[in-house]
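Accompanying notes for the structure given below.
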């Protein structure tokens, strides 16, 4: 009975996370302009266009990309350390389970959560490493003098690289955040669904993009001065 409760809690935890990600993917197709992921991708492209149009901005562009590259590197390091620890804990139980394939009595909800944790950490690692790759390529492009033919010929690739790098970096961070409900469910089955709902509530505010402040600031800049 206890194992059944643990399974139900684990499935509920993962179902909440999968349902939210599915709803977010569906909403991305219907209203892409209201999602932070799309807005920030456009922001990075416009940033690269801006620095490409400004002579003498090469050093500033390279420093900005270097900071982003270091952030992605830290995310990848965190993911690989967590993945190593999870593999160390799950490997003995997994070997014991695979050793008795017909009945598989050792395949418990706890082992399923450990496997889900490994998947999330590996996804975070892969996304962060690919982000580092694209940031590295974009750094070489941004270091080219703005007024050269080489820079102009690689400009479109640079915009594409910073867009992809930013999206992959966000996925790396996102997978690390999704680790929290899995860990909570491993500590206590009932804590998993509660933590999943809490994470979804937090992600709701992060995933929505409302540029009201930017619009207000723009309106103030273009508003004629009040007569005295």
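Please treat every number below as a calculation from the coordinates, not as lab data. Just so it is clear, the model here is predicted, and its values are computed rather than measured. Every residue, glycine among them, receives a Cβ derived from its backbone with ideal geometry; neighbour counts consider all protein chains shown.
Principal axis extents of the C-alpha atoms in segment 36-201 (largest first, rounded to whole Å): 68, 34, 22. As a calculated quantity, the FRET efficiency between residue 88 and residue 183 at R0 = 22 Å, using C-beta atoms, amounts to about 0.90.
With the cut-off at under 20 Å, measuring from each backbone N in segment 110-144 to a point 7 Å along the Cα-to-Cβ line of residue 153 picks out 137-144.
Quote the FRET efficiency, to the nearest 0.05, computed for residue 119 versus residue 206 with a Förster distance R0 of 22 Å and r equal to the Cβ-Cβ distance. Walk me through the numbers on the way to the answer.
On the way: r = 22 Å, r/R0 = 0.99.
Working from the Cβ atoms, E equals 0.50.
Using the 10 angstrom Cβ neighbour count as an exposure proxy, how do 159, 55 rank, fewest first?
Taking fewest neighbouring Cβ atoms as first place, the list is 55, 159.
Stretching the chain fully between residue 143 and residue 59 yields a gain of 29.6 nm (0.36 nm per residue, less the alpha carbon separation).
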